[in-house]
Amino acid sequence: DIYIPDSIKLSNKSVQKEYLRALYDDEGSCSLRIFNKTKEWKRNVTLYSNSFVLLTQVKELLLNRFGISTNTIFRNNKNSDYDKCFTLSMTGKENFIKFKRFIDFKVDYKSEMLEITIESYDNPFSLNREGFEKIKNKLNKIKNKIKR
């Protein structure tokens with residue numbers, strides 16, 4: 001059982017931020033993708049762990065200390081005896097903005113991905129095709145960086 005140590009829970013916001021940043025840098029991701037059928041952006045910031053307890057505590061810390069709402073924690077592969085991984089994700093522009101402002105990623109490509117995820121809200125295909133294409137190009141550049 002992995003959990004947030006009491007020393008972190010009782011620490012100031014700055015220490016909690018660094019703890020969360022390290023967790024998200026290590027076990028988290030930011031995802032921006034296009035739902036091809038409707039050309040809509042799909043976005044989320046996700047944290048993965050084998051510890052339901054840890055994710056529950058992270059969920060509480062994000063909400064109570066930083067005002068960031070997250071979705072329900074779910075098990076990735078509930079029928080597997082081998083894969084016992086859980087997922088905590090967040091969606092919504094306001095949550096992404098708060099995450100960027102208060103926590104962010106130290107890993108460059110993850111931070112860039114979060115930045116363009118926030119930008120994507122102002123660039124939907126249906127209202128701003130030029131902006132949509134710019135975001136798509138930025139997304140492809142980041143994906144190419146990751147592949148190297």
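Just a few scattered comments:
- D (Stokes-Einstein, µm²/s), Kirkwood Cα radius, region 28-86, 0.890 mPa s at 25 °C: 185
- Computed about the Cα centre, the dipole magnitude for the chain is approximately 540 debye when only Lys and Arg (+1) and Asp and Glu (-1) carry charge, each at its Cβ.
- Label separation (residue 94 vs residue 7): 3.6 nm, computed from points 7 Å beyond Cα along the C-beta direction.
- Among 81, 122, 26, residue whose mean-square fluctuation peaks in a GNM of the chain (springs only between Cα atoms under 10 Å): 81
- Neighbour cut-off at most 14 other Cβ (10 Å), DSSP loop, trypsin sites (Lys or Arg not before Pro), region 45-84: 78, 84
- Loop-resident chymotrypsin sites (Phe, Trp or Tyr not before Pro) (DSSP state other than H, G, I, E or B) in region 72-148 with no more than 15 further Cβ atoms inside 10 Å of their Cβ: 82, 121.
- Accessible surface of region 1-120, 1.4 Å probe, proportion on carbon and sulfur as whole %: 50
- Degrees, to the nearest 10: 13-27 long Cα axis against longest axis of the chain: 70
- Counting 0.36 nm for each residue step from residue 34 to residue 87 and taking away their Cα separation leaves a gain of 17.0 nm.
- Cα-only radius of gyration and Dmax that characterise the chain, units Å: 16.3, 49
The values are calculated or read from the model by the stated rules, or taken from the named source; none is laboratory data. As the structure is a prediction and not an experimental result, all values here were calculated from the model. Heads up, the Cβs are rebuilt from the backbone with ideal geometry, glycines too, and the neighbour counts pull from every protein chain shown. Ligands, DNA and RNA are excluded from the accessible area calculation, which covers all protein heavy atoms including side chains. Shrake-Rupley method; radii C 1.70, N 1.55, O 1.52, S 1.80 Å.
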